[in-house]
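First the structure, in the form of structure tokens, and then the observations on it.
We did not get these values from a lab; they are worked out from the coordinates using the rules stated. It should be emphasised that the depicted structure is a prediction, and the values quoted were computed from it without experimental measurement. As a convention, Cβ positions derive from the backbone with ideal geometry for all residues, glycine included, and neighbour counts pool all protein chains shown.
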Amino acid sequence: MSVEVKGISKSYGAQFAVDDISFSILPGEVLGFLGPNGAGKSTTMKMITGYLVPNDGEIKICGIDILLDDIAAKKKIGYLPESNPLYKDMFVREYLYFMASIHKIENPEKRVNEVLAETGLLPESRKKISELSKGYKQRVGLAQAILHNPEVLILDEPTSGLDPNQLVEIRNLIKQLGQTKTVILSTHIMQEVQAMCSRVIIINNGKIIANDSVEKLSSIQDDISELILEFDKEVSKDIFKSLSYIKRVNHLGGNRWEIQIEDALDRRKDLAEFAHSNNLVILEITKKQGTMESIFQKLTQKSNN
């Protein structure tokens, strides 16, 4: 395992920020770590990096107990905090050389050039960090995180505040890094999870409420079923008025419709009979998967009840 978390808790007085959670991450996984504000995700990530010490539990990074040998464990970790603290009066290349000296990297010139190329920073390497756009500052943060070639990358809200073009660039860079490293990615952007992550952990009120692959979580349906329906010919929206169990109808174009079933029962047989009585043939009837955003809302609201 690249990361093993067993029964960790963190409390502030009587308030538990993280309450007895456990999970593990395999090499090469890109894990989406999600939760509402105050759920405990940033606290968990800070404990994994060794920045905070848990009240209870055990954390191992590549088999090394971070509480027993924090220096050896931290050498395996690259960390980009949400705040992305940079020395903005330094030049990009100068800053990376400085970070290389902290990590005692052999042949720092070669490694800095490799990282500048990998993160697309070569054209900006002679600029002051303060002169860079938000997107390029995030690239500098990622560059320092991977400079010492860690096995585990922990990225806290790496795409926060980026414009759509910058977001795509950073997303592609993280996906590329995830091919060779274990990545823990904290984000509020649900599309990021579906685009980059192989597995998702959702935390709420300090406890894990979901831990599964993106595919399996995406199969979770809301209490109200949504179906994609296609007929062999065009129909008007009014044709659905006779069906009391349909809550909402949305025309998708052509002969395709999105319908919402109010009682969440299996209505395929009823719909087939409805089509036959109206001289229609159903060419497609598909249950719509829940979006990651709707799944997140459903699970976190449920755990609050």
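Set the Förster radius R0 to 22 Å, insert the Cβ-Cβ distance between residue 151 and residue 37 as r into 1/(1 + (r/R0)^6), and round the FRET efficiency to 0.05.
0.15
Tell me which of 280, 39, 249 sits at the most positive position along the dipole axis of the chain, charges placed on C-beta atoms (Lys, Arg +1; Asp, Glu -1).
Working it through, the farthest residue towards the positive pole turns out to be 39.
Calculate, in nm to one decimal, what residue 247 and residue 55 gain on full extension: separation in residues at 0.36 nm each, minus their alpha carbon distance.
On the way: separation 192, 0.36 × 192 = 69.12 nm, distance 4.94 nm.
Roughly 64.2 nm would be gained on extension.
Counting only helical runs of four or more DSSP H residues, what would the 222 nm mean residue ellipticity of the chain come to if each run contributes -39,500 (n - 2.57) and the total is spread over all its residues? Spell out each step's value before the answer.
Working: 10 runs with 99 residues, N = 305.
Estimated from H runs of four or more residues: -9500 deg cm²/dmol.
Treating only the Cβ atoms of Lys and Arg (+1) and Asp and Glu (-1) as charged, compute the dipole magnitude of the chain about its Cα centre; round to the nearest 20 debye. Each step should come with its number before you reach the end.
Values: 38 positive and 41 negative charges, 115 e Å.
Taking the Cα centre of the chain as origin, the dipole is about 560 debye.
Hey, if you put +1 on the Cβ of every Lys and Arg and -1 on every Asp and Glu Cβ in the range 3-218, which of 68, 144, 129 ends up farthest toward the positive end of that dipole?
Final value for the positive-end residue is 129.
Would you please put 43-56, 195-208, 97-110 in order of how densely packed they are, using the mean number of other Cβ atoms within 10 angstrom per residue and starting with the highest? Please list the in-between numbers first.
Numbers: 43-56: 19.4, 195-208: 21.1, 97-110: 13.5.
So the peptides 43-56, 195-208, 97-110, ranked by packing, come out 195-208, 43-56, 97-110.
Along Cα→Cβ, 7 Å out, is where each label goes; now give me the distance between the ones at residue 236 and residue 269 in nm to one decimal.
Between residue 236 and residue 269, the simple spin-label model gives 3.2 nm.
How large is the Rg to Rh ratio of the range 30-108 when both quantities use alpha carbon positions and Rh follows Kirkwood?
Numbers: Rg = 15.1 Å, Rh = 14.8 Å.
For the range 30-108, the value is 1.02.
Give the aspartates and glutamates reachable from residue 110 as a straight Cα distance under 18 Å; neighbours fewer than 8 places away on the same chain don't count.
Partners found: 94, 118, 124.
So for the pair residue 89, residue 4, with labels modelled 7 Å out along Cα→Cβ, what separation do we get in nm?
For residue 89 paired with residue 4, the spin-label model returns 4.6 nm.
Of the cross-linked pairs 75/207; 41/104; 127/181; 74/181; 76/181; 6/207, which ones have a Cα-Cα span greater than 19 Å in the structure shown?
Values: 75/207 28 Å; 41/104 31 Å; 127/181 29 Å; 74/181 15 Å; 76/181 10 Å; 6/207 13 Å.
From 75/207; 41/104; 127/181; 74/181; 76/181; 6/207, over 19 Å: 75/207; 41/104; 127/181.
Cα extents of the chain along the three principal axes, largest first, in whole Å?
77, 48, 29
If you bin the C-alpha pair distances of the range 94-243 every 10 Å from 0, what whole percents do you get?
For the range 94-243, the pair-distance distribution reads 9, 30, 25, 16, 10, 6, 3, 0.
Apply the Debye scattering formula to the range 225-288, with a single equal point scatterer on each alpha-carbon and no solvent, then give log10 I(q)/I(0) at q = 0.13, 0.18, 0.23 Å⁻¹.
Cα-only, vacuum Debye calculation for the range 225-288: -0.28, -0.56, -0.99.
Please give the contour-minus-distance gain from residue 284 to residue 256: 0.36 nm per residue of separation, less the Cα-Cα distance, rounded to one decimal in nm.
Values: separation 28, 0.36 × 28 = 10.08 nm, distance 0.85 nm.
Length gained, residue 284 through residue 256: 9.2 nm.
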